[in-house]
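Colleague: After the structure tokens below, expect a handful of questions from me.
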């Protein structure tokens with residue numbers, strides 16, 4: 001069962017960036033047990049990206065079935081962004097114990 005990564009990206013005006021950071025931090029502190037790891041990134045051109053590693057596609061699907069709108073999408077929309085969502089299956093990383 002492969003891990004799955006979601007990347008939710010949007011352009012957020014600089015005056016809204018602190019709001020995104022505060023709300024993301026509050027959500028992480030409250031607990032997100034279905035996720036293995038989640039991070040908030042800021043890039044050039046007002047780009048904000050939330051990258052989340054899920055234990056499996058099944059965990060992601062289970063989470064999606066419990067909510068009308070995923071947290072990352074809602075957070076970036078409410079901050080004025082137009083989120084783009086990418087879902088990727090983890091194939092290989094530096095922590096892999098075997099190499100093809």
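Colleague: Whole number please: convex hull volume per residue of the Cα set in the stretch 4-89, in Å³?
Modeller: Values: hull volume 7.3 nm³, N = 86.
Roughly 84 Å³ of hull volume per residue.
Colleague: What number, in percent, do you get for the relative contact order of the chain if the mean sequence gap of Cα pairs under 8 Å and at least 6 apart is divided by its residue count?
Modeller: Values: 144 pairs, mean separation 45.5, N = 100.
It comes to 46 percent, rounded to a whole number.
Colleague: Continuing with this model, one more query. May I ask you to compute the full-extension gain from residue 64 to residue 34, defined as 0.36 nm times their residue separation minus their alpha-carbon distance, rounded to one decimal in nm?
Modeller: Details: separation 30, 0.36 × 30 = 10.80 nm, distance 1.06 nm.
Length gained, residue 64 through residue 34: 9.7 nm.
Colleague: With a cut-off of 15 Å, note down the residues of the stretch 5-38 whose backbone N falls inside the zone around a label point 7 Å from the Cα of residue 90 toward its beta carbon.
Modeller: Backbone N within reach: 5-7, 34-38.
Colleague: Relative to the first principal axis of the alpha-carbon coordinates of the chain, what is the inclination of helix 17-30, with its axis defined by its Cα atoms, in degrees from 0 to 90 and to the nearest 10?
Modeller: So the helix axis and the longest Cα principal axis differ by about 50 degrees.
Colleague: What ranking do 57-63, 76-82, 41-47, 89-95 get when scored by the average of other Cβ atoms within 10 Å per residue, highest first?
Modeller: Working: 57-63: 14.7, 76-82: 16.7, 41-47: 10.1, 89-95: 8.6.
Those peptides, ordered most packed to least, come out 76-82, 57-63, 41-47, 89-95.
Colleague: Give the order of 67, 38 when sorted by the count of other beta carbons within 10 angstrom, beginning with the fewest.
Modeller: With the fewest neighbours first, 67, 38 line up as 67, 38.
Colleague: At 222 nm, what value in deg cm²/dmol follows for the chain if DSSP H runs of at least 4 each add -39500 (n - 2.57) and the sum is divided by all its residues, to the nearest 500?
Modeller: Numbers: 3 runs with 31 residues, N = 100.
About -9000 deg cm²/dmol.
Colleague: Right, next: Could you work out how far the C-alpha centroid of the stretch 44-100 sits from that of the stretch 3-34, in angstrom?
Modeller: The distance from the Cα centre of the stretch 44-100 to that of the stretch 3-34 comes to 11 Å.
Any read-out appearing in this document is the output of simple, stated calculations on the displayed coordinates, not a laboratory observation. The structure presented is a predicted model; accordingly, all values stated were derived computationally and were not measured. Using ideal geometry, Cβ is built from the backbone for each residue, glycine included, and neighbour counts are taken over all protein chains shown.
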